[in-house]
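The values are calculated or read from the model by the stated rules, or taken from the named source; none is laboratory data. Since this is a predicted model, take the numbers as computed values, not measurements. Neighbour counts run over all protein chains shown; Cβ positions are idealised from the backbone, glycine included. Each accessible area value is taken on the protein alone, full model and side chains, heavy atoms only, with ligands, DNA and RNA left out. Shrake-Rupley method; radii C 1.70, N 1.55, O 1.52, S 1.80 Å.
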Amino acid sequence: MDTTSDAQFLDIALQQAQEAASAGEVPVGAVVVKDGQVIAMGRNSPIGSHDPTAHAEINALRAAAKKLGNYRLDGCDLYVTLEPCAMCAGAILHSRIRRVVYAAPEPKTGAAGSVLNLFESSLNHQTQVISAIKLGADPARSTAQSSQLMQDFFAKKRLEQHQEHARNHPLRQDALRTHEYCFENLPGYDFAPNYISDLPALDGLRMHYLDEGNKDSSTTYLCLHGNPAWSYLYRKMIPIFAASGARVIAPDMIGFGKSDKPKKDSFHSFSWHRQCLLEFIERMDLQNVILVVQDWGGILSLTLPMHAPQRYKGLVVMNTTLACGDAPLTDGFKAWREMCAKKPEFDIAKLFSRGNPQMSEAECAAYMTPFPDAGHRAATRAFPPMVPEFESSDGAEISRKAREFWRNVWKGQSLMAIGMQDPVLGEAAMRELRSNIKNCPEPILLPQAGHFVQEHGEEIAKAATRLFS
């Protein structure tokens, strides 16, 4: 078949895709051609038809079979704007389509080579599959058009979702909110956002959290970040936890990530952040929790299980401490606190780059995404001096009570991992913490990891799923 015809048929499929977009469906269109003539067309319609199988290809195949009076579509070609998924690939093979031409690849679910290739099989029928980009300039034009159509559709959906979230969670006058578009296309962070704003402590502030994996699982990994990180820190561990069949929750503390950011440094306190986390866990009614903590994620959250010990069954603890105010802070922490005081707007991307040479420039820059200017950085300025230093410091007394809980009451299993290159809360601090956790085994030592251990977190996550399975 000549490439002029290919281009024309792909244009018709694109028209179908545009109709799908106008109807609020993912913009995919398809046409079936026999003897140089279009005999059937189809567009995505799962939402409108309440039919999970109503993809463009399936709809076009059904119409073609009805037209020909035969479910076998011998001698027919299918033109589609997006690489077929596994379901559609199976239908295409079963209907004995001769040839498939698709415009744009689908890197997440494509079954014609992007993720897997179901058309390379030992089945009796073989369907030829061709990417339009290989057919010359005119057909290849449809690749860019289809890709742009998909991008525009999802950009519009994200904007609508952002506007809906803004309506449902109005921004307080004393807070800032990083625009949703700032978080688009961050490497490794393809997670759906969730928000909550009606906890008593939040008083209308919007808190963001990730909720991945099996929502009905009996086990929940609760992953808590520190300063100046956010839930992006757990992007390498979340998929492993989720793959084990567990539910995975990773909130952004107020002031960080996608959560609202109070304008004043003085807004933040140990007790307030702790109360937010307690209320969040209660509201989500989390059970059989495996607490996953590091840095402030531990300083705050190691004080949580004693409040409701029946909710917790495990602990994964990385480079953190219990700041009880009755022992000197480490020299490394004091140096960090002094640096933050002298350079309150320090470059967060450079901080991650220095300690994690394996990270890409884009990954390091992602940690700066929530903080487009100094006004958004009250939390990163407030948290270093918030660490309880004296017995009378906010949080010190509750931390001492927590220490007694971990020493004498804790009944769950524990896993400790230490980033050995951490100058702030390294091996000495972690072994001191281990001595205060009942039945905590020898730690996993990560020689190349620094303070932000989760950047080497795959090994830790795998060890955790083995322990807690």
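Pairs linking a residue in the range 255-279 that is under 24 Å from PHE183 (Cα atoms) and of a type in the set (S, T, N, Q) to a residue that is in a strand (DSSP E or B) and at pLDDT 95 or above, with Cβ atoms under 8 Å and 6 or more positions apart or on different chains, are SER259/MET207; SER259/HIS208; SER259/PRO251.
Are there helices (runs of 4 or more DSSP H) fully within the range 292-367 with at least 2 residues that are at pLDDT 95 or above and basic (Lys, Arg)? List them.
Numbers: elements: 296-301, 331-342, 348-355, 361-366.
Passing ranges, in order: 331-342.
Scanning the range 393-403 turns up one or more residues that are open to solvent by 80 Å² or more (accessible area, probe 1.4 Å) and not polar (S, T, N, Q). Count of the range 307-329 residues, restricted to those that are crowded, with 18+ Cβ neighbours inside 10 Å and free of Cβ contacts under 8 Å to residues at least 40 places away in the same chain, is 1. Cβ-Cβ contacts under 9 Å between residues 6 or more apart (or on different chains), taken from a first residue in the range 145-173 that is among the charged types (D, E, K, R) and surrounded by 14 or more Cβ atoms within 10 Å (Cβ to Cβ) to a second residue that is at pLDDT 90 or above and in a helix (DSSP H, G or I), are listed as ARG158/GLU180; ARG158/TYR181.
Let me confirm something: among LEU78, LEU149, LEU118, LEU68, which residue is touching a Leu at 6+ places or on another chain (Cβ under 8 Å) and modelled with pLDDT of 95 or more? Of LEU78, LEU149, LEU118, LEU68, the one residue that is touching a Leu at 6+ places or on another chain (Cβ under 8 Å) and modelled with pLDDT of 95 or more is LEU78. When we screen ASP295, ASP331 for residues that are among the charged types (D, E, K, R) and at positive phi, the only hit is ASP295. With respect to the conditions (1) free of Cβ contacts under 8 Å to residues at least 60 places away in the same chain; (2) surrounded by 22 or more Cβ atoms within 10 Å (Cβ to Cβ); (3) among the aromatic types (Phe, Trp, Tyr), TYR79 lacks only one, and its number is (1). Evaluated against (1) within 28 Å of ASP203 (Cβ to Cβ); (2) within 22 Å of the chain's Cα centre (by Cα); (3) of a type in the set (Ser, Thr, Tyr), TYR312 falls short on exactly one condition, (2).
Could you please give the count of residues in the range 241-252 that are assigned to a helix (DSSP H, G or I) and surrounded by 23 or more Cβ atoms within 10 Å (Cβ to Cβ)?
To start, the set of residues in the range 241-252 that are assigned to a helix (DSSP H, G or I) comprises 241-243.
So of that shortlist, the ones also surrounded by 23 or more Cβ atoms within 10 Å (Cβ to Cβ) come out as 241.
Residues that pass the stated criteria total 1.
Take the conditions in contact (Cβ under 8 Å) with a residue 24 or more places away in the chain and within 27 Å of ARG283 (Cβ to Cβ) and apply them to GLY226. Does it pass? Reasoning before the result, please.
On the way: in contact (Cβ under 8 Å) with a residue 24 or more places away in the chain: yes; within 27 Å of ARG283 (Cβ to Cβ): yes.
The answer is yes for GLY226.
Condition check for GLY255 on (1) open to solvent by less than 40 Å² (accessible area, probe 1.4 Å); (2) closer than 26 Å to LYS462 by Cα; (3) of a type outside the set (Phe, Trp, Tyr); (4) assigned to a loop (DSSP other than H, G, I, E, B): one failure, at (2).
Does GLU455 count as open to solvent by 60 Å² or more (accessible area, probe 1.4 Å), at pLDDT 95 or above and of a type outside the set (A, V, I, L, M)? Lay out the reasoning, then the answer.
Numbers: open to solvent by 60 Å² or more (accessible area, probe 1.4 Å): no; at pLDDT 95 or above: yes; of a type outside the set (A, V, I, L, M): yes.
Considered against the rule, which asks whether it is open to solvent by 60 Å² or more (accessible area, probe 1.4 Å), at pLDDT 95 or above and of a type outside the set (A, V, I, L, M), GLU455 comes out as no.
Only residues that are within 17 Å of LYS258 (Cβ to Cβ) and more than 14 Å from the chain's Cα centre (by Cα) were counted in the range 199-223, giving 6. So is PRO441 of a type outside the set (Ser, Thr, Tyr) and within 20 Å of ALA335 (Cβ to Cβ) or not? Taking the combined requirement at face value, the residue does not satisfy it.
If you filter the range 116-143 down to residues that are in a helix (DSSP H, G or I), of a type outside the set (Val, Ile, Thr) and touching a residue at least 24 places away in the same chain (Cβ under 8 Å), you find that the one that is nearest to PRO105 (Cα to Cα) is ALA132.
The set of residues in the range 160-186 that are outside any loop (DSSP other than H, G, I, E, B) and at pLDDT 90 or above comprises ALA175, LEU176, GLU180, TYR181, CYS182, PHE183.
One line per residue, one yes/no per condition, for (1) hydrophobic (A, V, I, L, M, F, W, C); (2) touching a His at 6+ places or on another chain (Cβ under 7 Å); (3) surrounded by 15 or more Cβ atoms within 10 Å (Cβ to Cβ):
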| position | (1), (2), (3) |
| --- | --- |
| ARG407 | no, no, no |
| TRP410 | yes, no, yes |
| LEU415 | yes, no, yes |
| GLY419 | no, yes, yes |
| ALA428 | yes, no, no |
| ASN439 | no, no, no |
| PRO447 | no, no, no |
| ALA464 | yes, no, yes |
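Looking only at the range 22-60, residues that are open to solvent by 30 Å² or more (accessible area, probe 1.4 Å) and either within 19 Å of PHE154 (Cα to Cα) or not basic (Lys, Arg) (or both) come to 20 in all.
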